[in-house]
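Shown next, in structure tokens, is the structure this report addresses.
Just so it is clear, none of the values below were taken in a lab; they were calculated from the coordinates. In this text, all values refer to a predicted model and were calculated from it rather than measured experimentally. All Cβ positions, glycine included, derive from the backbone under ideal geometry; neighbour counts span all protein chains shown.
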Amino acid sequence: MSAVRLDVDKESGVAVVTLDRPERLNAIDLGMADELAQVWRRLRFDDSVRAVVLTGAGERAFCTGIDRDAVVPQPSSPYMQDDPLLTVGPKANDLWKPVVAAVRGMACGGAFYLLGESEFVVADTTAAFFDPHTTYGMVSAYESMLMAARMPYGEVARMMLMGAGERISAQRAHEIGLVSEVTEPGGALAAAVRCAGVLAGYPAGGVQGTVRALWAAREAGLAQAFAQAPHLIALGSLPAERQAELFEGRRRGGFRTR
């Protein structure tokens, strides 16, 4: 069964890509990562699609990052660490059609790979954003770098360093620029589709060129930052058994919201 659903409305020119593992809070395993890359590459060649909406199935989560049961073989060198999430986003697959993210429920950890490669984010009032890496003794590298390119430094620093101890509400995310529009519960997808419909109605060349220009303004800085990420992750993360201990302990605790 596919973990990524693709629905194309050829009349409007809008495609909706849905992360479809609600029973796992739309966490990304290796199969889902491959499917996402295939979907983005497929959309590159579909000229009937001029704008894309990215969302998650169910009410509890947009995406909760990498599936904790996913096993990713790693070489011993800290300079050659493999991260399957680096290929799940549209920009990583050279898709320069505009992507609007529609967030309901939790968006955390590796979800920022997807949000970081979306043009803008629409969220409903149930949305909550956080990055639990530091809580488990892990380095938030790519997530922090992607968010630092679109949020004020202090806000990114607080969100990433506070880890699972604090969740950012949709309203707060709107105030700091992560979210461009807040809707009523369950309304994010419809609002994102409306925006995508407007974009799809414009000449594709101008829209796609603007997407490429916007990304180019961020690309050089991200490339330099990303070059530092692998060994920061490898050298700064705790052993797996210690991470598991912290995870189990934190699961019994609470969260702050702002």
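Observations on the model:
- Karplus-derived 3J(HN,Hα) values for the range 122-137, using 6.51 cos²θ - 1.76 cosθ + 1.60 with θ = phi - 60°, are 10, 9, 8, 5, 8, 5, 9, 10, 6, 10, x, 3, 5, 4, 9, x Hz; glycine and proline are entered as x.
- Order by protection proxy (mean Cβ within 10 Å, highest first), peptides 36-43, 5-12, 213-220: 36-43, 5-12, 213-220
- ³J(HN,Hα), Karplus 6.51/-1.76/1.60, whole Hz, each residue of the range 141-155, x for Gly, Pro: 9, 4, 4, 5, 5, 5, 6, 5, 7, 9, 9, x, 3, x, 6
- Solvent-free Debye scattering, log10 I(q)/I(0), computed from the Cα coordinates of the range 21-136 at q = 0.11, 0.21 Å⁻¹: -0.37, -1.23
- Rounded to whole numbers, the Karplus 3J(HN,Hα) couplings from phi for the range 212-227 are 5, 5, 4, 5, 4, 5, 9, 4, 4, x, 5, 4, 5, 5, 4, 5 Hz, using 6.51 cos²θ - 1.76 cosθ + 1.60 with θ = phi - 60°, and x at Gly and Pro.
- Based on alpha carbons, the Rg and Dmax found for the range 61-211 are 16.0, 50 Å.
- The packing ranking, built from the mean of other Cβ atoms within 10 Å per residue, places the peptides 125-133, 80-88 in the order 125-133, 80-88, highest first.
- Set against the 2.2 N^0.38 Å expectation for a compact globular protein, the range 12-79 has a Cα radius of gyration ratio of 1.35.
- Convex hull volume per residue, computed on the Cα atoms of the range 46-100, equals 134 Å³.
- Each eigenvalue of the Cα gyration tensor of the chain, multiplied by 5 and square-rooted, gives one semi-axis; in descending order these are 28, 20, 18 Å.
- Long-range amide H partners of L54 with built H, under 5 Å: V17, V100, A101, A102
- I28 long-range amide H proximity, modeled H, under 5 Å: T64, G65, I66, D67
- Interchain or long-range residues, amide H under 5 Å from M106's placed H: A61, F62, A128
- Helix 30-44 vs. the chain, principal-axis angle (Cα, 0 to 90°, nearest 10): 30
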